[in-house]
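Engineer: Dropping a structure here in structure tokens format, bear with me for questions.
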Amino acid sequence: MLNTIRKALLEYVEVEEESITEDTEILQDLHMNSYDFVTMVGEIEEKFGIEIPDEELREIVTVGDVIKCIKSKMNE
Amino acid sequence: MHQIQDERIKLATCRLPEGADWRRQHEGAYNLLNGLLCEQGFESASLGELSREAFGKPYYTGAPKLSFSVTHTNDFCAAAISTCGRLGIDAERIRGFSQKSAIRVLSALELSFLRESSAPEADFFTLWTLKESYSKALGGRLLDMPACGVVFDLRGGKIKASADSAFFECCLCEDIVLSVCLLPR
């Protein structure tokens, strides 16, 4: 799962793949802008066949949060 | 250099060499801010420290009436200051956009406007940056936009917003759209 999210992020930010961990903060550490973040989340939703509502999107800070959110949606 | 018509707002913009990384863009925007502050007579000693409000909006501890905002995208940087209210600015390069992102952040009125637009990419990023500028003026996180609930009507080439007290202005800088929001005191 981490590798999938890394690949999704690398479409938008230029960093070393290995530097992205579950603790990486998407906006703060990767300097991703909000449009790219919302668009990336849309792509993840399509890939995993899930929907992440706005209230949950706003709670996402780290890469680990994205993974946790996907896993929780897939178990619903 | 692009001008904002409203005298309450001082704006500076610049282009960096192509390929400038995030750090250089960030420095570029803050260099513009420092230039504006100097030009408007703010001395660095009296500004105090750069601090952040609870939801991240930066401010100078020694100048509580000064509001500022910076933005950068690709090689474009901008900074703006005002002493008349809370300020937010945002810029995006005009390009193809994700319909899914549009559906997530735009209202029914805005989506309808976009469907009929002859320049949907420019209009989408105008709406996006307007919402972001409003969110930044409020001081919230960028991703709090849907919670802001402001709806824009761009029909007739004018910006009408559901947030009555807010002032908005947009300008095009080649392939970049820049939006400014001032929430007057």
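Bear in mind that the values in this text are calculations on the coordinates, not laboratory data. Quantities reported herein were computed from a predicted structural model and do not represent experimental measurements. All Cβ positions, glycine included, derive from the backbone under ideal geometry; neighbour counts span all protein chains shown.
Engineer: Enter the angle in degrees (range 0 to 90, nearest 10) between the Cα long axis of helix A:63-74 and the first principal axis of the Cα atoms of chain A, meaning the one along which they spread out most.
Structural biologist: Between the helix axis and the principal axis of chain A, the angle is about 20 degrees.
Engineer: To continue, here is another question. Each residue of region B:154-162 in turn: what ³J(HN,Hα) in whole Hz from Karplus with 6.51, -1.76, 1.60 and θ = phi - 60°, glycine and Pro shown as x?
Structural biologist: 9, 4, x, x, 10, 9, 10, 10, 6
Engineer: Kirkwood Rh over alpha-carbon pairs of chain A, then Stokes-Einstein at 25 °C and 0.890 mPa s: what D in µm² s⁻¹, rounded to an integer?
Structural biologist: D, rounded to a whole number, is 199 µm²/s.
Engineer: Where the Cα atoms of chain B are projected onto their three principal axes, how long is each span, largest first, in whole Å?
Structural biologist: Ordered largest first, chain B gives principal extents of 52, 38, 29 Å.
Engineer: Before rounding to the nearest 500, sum -39500 (n - 2.57) across all DSSP H runs of length at least 4 in the protein assembly as shown and divide by the residue total; then give [θ] at 222 nm in deg cm²/dmol.
Structural biologist: Working: 10 runs with 101 residues, N = 261.
After summing the helix terms and dividing by the residues of the protein assembly as shown, the value is -11500 deg cm²/dmol.
Engineer: For A:35-45, what's the mean count of beta carbons from other chains sitting within 10 Å of each residue's beta carbon? Write out the running numbers ahead of the final one.
Structural biologist: Values: counts 15, 3, 3, 11, 6, 2, 4, 7, 3, 0, 2.
Across A:35-45, the average partner-chain Cβ count within 10 Å equals 5.
Engineer: Can you give the charge dipole size of chain A about its Cα centre, rounded to the nearest 20 debye, using +1 on the beta carbon of Lys and Arg and -1 on the beta carbon of Asp and Glu?
Structural biologist: Numbers: 7 positive and 20 negative charges, 48 e Å.
Dipole size: approximately 220 debye.
Engineer: Give me the net charge for the shell around residue A:6: Cβ to Cβ below 11 angstrom, other residues only, Lys and Arg +1, Asp and Glu -1.
Structural biologist: Details: positive: A:7; negative: A:11, A:16, A:17, A:18, A:22.
Residues close to residue A:6 contribute a combined charge of -4.
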